[in-house]
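Just so it is clear, none of the values below were taken in a lab; they were calculated from the coordinates. In this text the structure is predicted, and so the values were computed from the model without any measurement. Positions of Cβ are generated from backbone atoms using ideal geometry, with glycine treated the same way; all protein chains shown enter the neighbour counts.
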Amino acid sequence: MSYIKPKLLKGFRDLLPEEAIIQKEFFKVISEVFESFGFSPIDTPALEYYDILTGKGGGENEKLMYRFNDNGGRDVGMRYDLTVPLARFIGLNQNELNFPFRRYHIAPVWRAENTQKGRYREFYQCDCDIVGSDSYLADSEILMLMDSVLNRMDIKDYEIRINDRNILEDLFKLLEIKEDKIISFATLMDKKDKMSESVFKEKSLEFLKDNEKHKQFLDFLSCDSLDSLDEFFKDTKVYENTSIYIRRLKDTFSICKENGKGNNISYCPFIIRGLDYYTGIVFETVLKDSLSYGAVFSGGRYDKLAGMFSKNADYSCVGASIGISRLISALKERGFFEKDKVCVADILIMNMDKRYHGKYINIANVLRDNCLKVEVYLNDDKLKKQFKFASKNGYSFSIIAGEDELANDIVKVKSLKAFEENEMKIDDLVGFFKNTL
């Protein structure tokens, strides 16, 4: 057989067991929190018709899409997020669903974009959405869910930054930003954190008519609370409209705070989140010590997208998405994870004598039948080598059973963390490990 050099496409990666185990544990925690808030799982195909996927976002998303003709000549693309497939899913299955509908979806997506720190061309998203409610309570539920997920992951130093698209639109009217410049101006605001203050001021001046408007814009950016935001707009021509959305943000934040979920939520004037997509509240979560990774858990309200695929109904939606690959990369760089667990099993049964292979397998299967994770060492190696293998893989316990032990229906159980060893009856193993692990 000829040799083929192994290689990976740029932007794609393998996951070694260490990181795959972490990702699996995170998926478990995320699913548990999502379900505790009443969200039900769904799934959709990785491939969709191209014209379905271009229903959101326009030209920029087209550039990011993996697009091709399949064997049947159909124009298809690989999903680049989980939101457009959700909108299509709602349109196709609306008669089978009860609204408001809470859904979550954990699946890979693909984007043909430039790779950078923590950003890949294939990555997992973990989405949660409420479809069919325009209540601020739905907004609050998503924010509280986000806070709960991060707390369950034992992540402490994060900030959920919120804003509202309607407030931004009123700001653009107040500043008299030309219609054809709004997208560019919004993009500049969105990148504020990635440039120096002097460069940002210089670039923002290009969009504003005079120094007075520029000063007004900088005053807006200095608003660090909803009260200061309210004060900024109070005597302006747009206040009557803007005050409605400020009030809604205050009500949303109040619900979170009343329920102990508001400590990490704050107003941020330059959160944008795709101007052609969101219609209300928007939010981004950043890790305070890892800002270079960008937002790791973000979303907002989008009240028009699902209606594109529904002739007779329009569905208000609000949701959020965790970029789990980016989050894990950021946490890994900060030494958040222990590096001694590279397998899922907790127990390794040592291979002491080939005469007892059947007995070792029997002990393993009894433990496995009781939902314990067990491996039997397969090769006839010296005990020293087996312990070295156990140490590298990060098992919690080893079971040692030679001729003398098995003759008396006992084994030696060694803790590979505490370096303690105990003798016990084989029949007591299940109870011991159930109480210990």
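Quick notes on this one:
- Each Lys and Arg Cβ is given +1 and each Asp and Glu Cβ -1; about its Cα centre, the chain then shows a dipole of about 1240 debye.
- Cross-link partners of Lys213 among aspartates and glutamates, defined as those whose alpha carbon lies under 13 angstrom from its own and excluding same-chain residues fewer than eight positions apart: Glu176.
- Under 17 Å of direct C-alpha separation, and excluding same-chain neighbours fewer than eight residues apart, Lys28 reaches these aspartates and glutamates: Glu18, Glu19, Asp43, Asp127, Asp147, Asp154.
- Across all directions, the average projected area of the convex hull around the alpha carbons of the stretch 17-333 is 17.6 nm².
- In a fully extended conformation the segment linking Lys203 and Ser36 would gain 55.6 nm over its present Cα-Cα distance, using 0.36 nm per residue.
- Using a Förster distance of 30 Å, the FRET efficiency for Asp303-Ala112 (Cβ separation, nearest 0.05): 0.55
- Each of Tyr239 and Leu437 was given a label point 7 Å from its Cα along the Cα-to-Cβ line. The distance between the two points is 6.5 nm.
- For the pair the stretch 313-328 / the stretch 1-54, the C-alpha centres are spaced 15 Å from each other.
- For Val376, residues with placed amide H under 5 Å, excluding near neighbours: Ile349
- In this simple spin-label model, placing a label point 7 Å from the Cα along the Cα-to-Cβ direction at both Glu122 and Asn362 gives a separation of 4.5 nm.
- The stretch 71-184: C-alpha gyration tensor shape, a/c 1.5 cut-off, then a/b vs b/c: rounded
- Checked against a 24 Å cut-off, the cross-linked pairs Lys156/Lys392; Lys382/Lys414; Lys24/Lys359; Lys261/Lys332; Lys156/Lys434; Lys341/Lys414 give Cα-Cα distances beyond that limit for Lys156/Lys392; Lys24/Lys359; Lys261/Lys332; Lys156/Lys434.
- Kirkwood-type hydrodynamic radius, the stretch 166-322: 17.0 Å, calculated from all non-identical alpha-carbon pairs.
- Candidate lysines - alpha carbon under 19 Å from Lys311, same-chain residues fewer than 8 apart omitted: Lys56
- Contour excess over end-to-end distance, with Cα ends at Leu92 and Ser310 and 0.36 nm allotted per residue: 77.7 nm
- Estimated vicinal HN-Hα couplings, Hz - the stretch 407-422 in sequence order (Karplus 6.51, -1.76, 1.60; Gly, Pro = x): 5, 10, 6, 10, 9, 9, 10, 10, 7, 8, 9, 8, 6, 10, 10, 10
- Cα gyration tensor, the stretch 347-436 - rounded (a/c under 1.5), prolate or oblate: rounded
- Value of Rg to Rh for the stretch 331-377 (Rh from inverse mean 1/r over Cα pairs, i.e. Kirkwood): 1.20
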